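What follows is a single structure, written as C-alpha cells, with notes after it.
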Amino acid sequence: MHNRTGCSWRRSTLITCSAVLGLTLSQGAGAHGGLSVDDDMCKLRLGPFNMHFTGYQPEINGNREFCEDIPKVGNTIVVMDAIEPELREIPIEVRIIRDTGDESQLDAVTVVHLPPKIYVSGSVPLEYSFTTPGKFVGLVTAGAQGQYVSRFPFSVGIPPKRYGFYLLLLGVVVLGLGMYRYSGMKRQRQMAGQT
Amino acid sequence: MSLHRMSLRRFGLSILLAAMTAATTLVSLPAAAHGERATEPYIRTRTVHWYDVTWSSEKIGVNDKVTVEGKFHLFTDWPDAASKPELAFLSNASPGAVMTRVESYINDMPAQQSVRQLEIGRDYPFKMVMAGRVPGRWHLHPVLNVHGAGPIVGPGHWVEVTGSAADYKLPVTTMTGEVIDDLQHYGVARVQWWQAGYALLAVAWIVWWIRRPLIVPRWNAIRKGREDLLITRTDDRVAAGLLVLVLVVVIGGYRYTTQKYEYVVPLQAGSFKTKPLPQVPSLVAVEMKDATYDVPGRSLRLDVEITNQSESPMRLGEFTTANLRFLDKSLDVAVAGVDPSFPKDLVAGSSLKLSDSSPIAPGEKRTLRIEATDAAWEIERLVSFLTNVDSRVGGMLFFFDAKGQRHMAEVFGPIVPVFTQLQLAQSH
C-alpha cells in the first residue's frame, strides 16, 4: 500500500510536470520546408538569404495575411519581400506546382511560373486563382545560376488540423487532475501521520 | 513514508520546476536588433523626420570617436495619441553600452540634459560624438526620447569597433584638478561596499524577527492580551543598538565624504531650451488629395496638389518617411543628396514614380501622383497604419529648384489599403 501510493504519487507528478513542460516549451511553430515563422515574421529561407512571405485572399479575407497554407480556394495573392538587399541584385524565379510526387516533367505540373527576373523594389508578387483544393509546392530559385533554392509544400482549401488547441485543453485538464491527485494524497499522508 | 523521503521528493520536484522555469526564461535567442521596427508606424511617419544624417566613420578602434550629425523636423501632423515634444532627450540607440556618448548637441547647445518646448513644424540640427567601447559591429542610430511618446529612432548605420575592450578608458579631470584615469570604474568598489554593508544590516534585522513564530501566534498573543510576550527587553536593546549604529555610519560617512570631497556638484536634472533653425518661407505648397497603399504592390500612392510659389521651376526629387528615402533617380541633384555614409537599406531600390516629372513652372498648380514602391514598407513593418484607429500617413517632400536648392514640404492625410491587379504592381 505504501509502495502503491508512492508510485501513484510519482506517476501523477510526472504527468503533471510533463503537461506543464509540454505547454511551456511548445513555442516553436511548425515549418513547411523553406517557410517558417521567425522573429514574428513569416520567412522563406533562400540559401543565406531570407524573404518575407505574405499571402492574401482579398475577396475572402480582405487584407488579412497568412503564412504557408492557403485557407480557401479562390483568388490568391502571394508577395515575397527581400529582407537582405543582395536579393534585389540577383534574378529570382518562382514556380508553383501541383504536389504529384513526380517533378520530372516540371512544366506539366506547373500552375504558376514567374521567369527569372531582377526585382529592384525587392518585392516579388504573384497572383493565381486556385479552383480546387489540393496540395502544392512552391519553388523559389535565386542567383545567376539558380544556386539558391527554396522548396515549400503547402495546401489550398484544406482546413488545418487544430491539434495544438486540443492539446492545450488536454494539458490544462491533465494539469488540474495531477494537482487534484497530488493534494489528495498529501492530505491522506498528513492524516496517516497524525494517527 | 518517512519524513526524510518526503523531503527528498519535495526537493526533487522543486529542482524539476526550477529547471522548467529556467528552460523557459534563460534559454532564449539573442536579439538581432534593438526595436527600431517595433515603434508604431503612426509615430515613425508623423512625429520626428530625420534628414541629412551622416556618420563620420564606419570603422573605429576602441577609444576612437565617430560623429553622428544631421537635422530633425518635428512634423506638423503630430498624432494626437503621442505626447507633444514638450520635454525630450537626444540619445543614441545601440545594443547596450557598446559605445560611450561623450558629446551631444542640439542646435550647437550641449544636450547632456533634456531639452524642453521643442516647436512642432520646425527643424533642429543635432550632433553626437560616440567613442568605441566594446569591439563588434553595432547598429548606431540617433534617438529623440520624447516624454510621453517614447523613443523615436532615426536611421541606423553599422559601425564596426575594433580592438580590445580592456583598452577602453574614459579619463576625466575634475574642476578641482583631480585626474580620474577611467570614469567607468571610478568609485564602483566603494559603492558596492556601502551597498553590501547596508544589505548585511537589513538581512540581520529581518533574521532577528523572522526566527520566531510569526503572524498567527503573534495575533493570538494580542487577542489574549499578552503583547508583553511579543517584544522583549533584548529586542529593545538590539533595536536601539542598530539605530545608533546606522546613525553613526550615516553621520560618519557624511563627515568623511564632505572632508574628502570639499566641492561637489549634484546630478544635473534640469532642462534647457534652444531655438529651432530659422524658418524658411515655404515656396512650395502641398495638399494631399488622396492616399492609398497598394498591399500586394508594396506601393504608397499619393495624389497631391502642388503649387510652386517661387520664381524658379521646381522638381520633386525625394519623398522620405520613417527614415526611408524614395528618390527620383532621374534627378541628379536628388541622388547626389544621399550622403555616401547613409545606409543603403534605407534608400528604395526603385525610383520614385511621378505621373509628371517635368519641372513645375513658377506659379503653376499641378496635381501629381507620387508612387513610392519598395519591399521596405513590409520589411520595416510600416503598414500597420492600415489597421490603426488613426489611419493616416505623413512624410516630407524634397523639391529642387533650377539652381539645385532644396525646398522641403510636409505631406500628410488619411490613407486606405487597396488591392490592385498585379499586372500593374509587377510593372514596377
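The values are calculated or read from the model by the stated rules, or taken from the named source; none is laboratory data. Note that the structure is predicted; figures quoted are calculated from it, not measured. For neighbour counting, all protein chains shown are included, and Cβ atoms are generated from backbone atoms with ideal geometry for every residue, glycine included.
A:VAL124 fulfils the conditions (1) more than 11 Å from chain B (Cβ to nearest Cβ); (2) touching a residue at least 60 places away in the same chain (Cβ under 8 Å) except for a single criterion, (1).
Residue-level check: of (1) over 17 Å from the mean Cα position of the chain (by Cα); (2) surrounded by fewer than 15 Cβ atoms within 10 Å (Cβ to Cβ); (3) touching a residue at least 40 places away in the same chain (Cβ under 8 Å), A:PRO91 misses just (2). Apart from one condition, B:LEU242 fits all of (1) in a loop (DSSP other than H, G, I, E, B); (2) of a type in the set (A, V, I, L, M); (3) more than 37 Å from the chain's Cα centre (by Cα); the exception is (1). Of the residues examined, A:VAL112 is one that is within 13 Å of chain B (Cβ to nearest Cβ), farther than 18 Å from B:VAL295 by Cα and not aromatic (Phe, Trp, Tyr).
Residues in region A:43-61 that are more than 10 Å from chain B (Cβ to nearest Cβ) and in contact with a helix residue (DSSP H, G or I) (Cβ under 7 Å, 6 or more places away or on another chain): A:PHE49 alone. Taking the criterion of being of a type in the set (Asp, Glu) and either more than 10 Å from chain A (Cβ to nearest Cβ) or assigned to a strand (DSSP E or B) (or both), the only residue of region B:368-379 that qualifies is B:GLU371. Here B:ASP303 passes the criteria (1) at pLDDT 95 or above; (2) more than 30 Å from B:THR373 (Cα to Cα) except the one numbered (2).
Could you tell me whether B:VAL304 is closer than 30 Å to A:THR54 by Cβ and of a type in the set (A, V, I, L, M)? Yes: the conditions hold for B:VAL304. Of all residues in region A:77-109, exactly one satisfies the criterion of being of a type in the set (Lys, Arg) and within 14 Å of chain B (Cβ to nearest Cβ), namely A:ARG88.
Restricting B:ALA97, B:ALA82 to those that are under 19 Å from the mean Cα position of the chain (by Cα) and under 25 Å from B:GLY395 (Cα atoms) reduces the list to B:ALA82.
Restricted to region B:55-94, the set of strands (runs of 3 or more DSSP E) holding at least 3 residues that are in contact (Cβ under 8 Å) with a residue 40 or more places away in the chain and of a type outside the set (Lys, Arg) comprises B:65-74, B:87-93. Note on region B:173-190: residues that are exposed (fewer than 10 other Cβ atoms within 10 Å of the Cβ) and in a strand (DSSP E or B) total 2. Condition check for A:VAL112 on (1) assigned by TED's automatic domain parsing to the domain that holds A:ASN75; (2) surrounded by 11 or more Cβ atoms within 10 Å (Cβ to Cβ); (3) in contact (Cβ under 8 Å) with a residue 24 or more places away in the chain; (4) over 17 Å from the mean Cα position of the chain (by Cα): one failure, at (3). Checking each residue in region B:397-419 for being away from chain A (no Cβ under 14 Å) and over 28 Å from the mean Cα position of the chain (by Cα) picks out B:PHE399, B:PHE400, B:ASP401, B:ALA402, B:LYS403, B:GLY404, B:GLN405, B:ARG406, B:HIS407. May I ask you to verify whether B:PRO281 is surrounded by 10 or more Cβ atoms within 10 Å (Cβ to Cβ) and assigned to a loop (DSSP other than H, G, I, E, B)? Criteria not met by B:PRO281.
Taking region B:103-133 as the range and being in contact (Cβ under 8 Å) with a residue 60 or more places away in the chain and either outside the structural domain of B:VAL62 (by TED's automatic domain parsing) or of a type in the set (A, V, I, L, M) (or both) as the test, the residues that pass are B:ILE106, B:MET109, B:ALA111, B:VAL115, B:LEU118, B:MET128, B:VAL129, B:MET130, B:ALA131.
For B:ALA372, indicate whether it is out of contact with any helix residue (DSSP H, G or I) (no Cβ under 9 Å at 6 or more places or on another chain), closer than 25 Å to A:VAL124 by Cβ and hydrophobic (A, V, I, L, M, F, W, C). Considered against the rule, which asks whether it is out of contact with any helix residue (DSSP H, G or I) (no Cβ under 9 Å at 6 or more places or on another chain), closer than 25 Å to A:VAL124 by Cβ and hydrophobic (A, V, I, L, M, F, W, C), B:ALA372 comes out as yes.
Look at region B:274-287: where a residue is under 28 Å from B:GLN113 (Cβ atoms) and a partner is in a loop (DSSP other than H, G, I, E, B) and among the hydrophobic types (A, V, I, L, M, F, W, C), sitting 6+ places away or on another chain with Cβ atoms under 9 Å, you get B:THR274/B:ALA111; B:THR274/B:LEU118; B:PRO276/B:LEU118. Strands (runs of 3 or more DSSP E) fully within region A:94-159 that include at least 1 residues being among the basic types (Lys, Arg): A:110-117, A:134-142, A:148-156.
Kindly check whether there is at least one residue in region A:62-76 that is within 11 Å of chain B (Cβ to nearest Cβ), polar (S, T, N, Q), farther than 18 Å from A:ILE158 by Cα and buried (at least 19 other Cβ atoms within 10 Å of the Cβ). No, because not a single residue in region A:62-76 is within 11 Å of chain B (Cβ to nearest Cβ), polar (S, T, N, Q), farther than 18 Å from A:ILE158 by Cα and buried (at least 19 other Cβ atoms within 10 Å of the Cβ).
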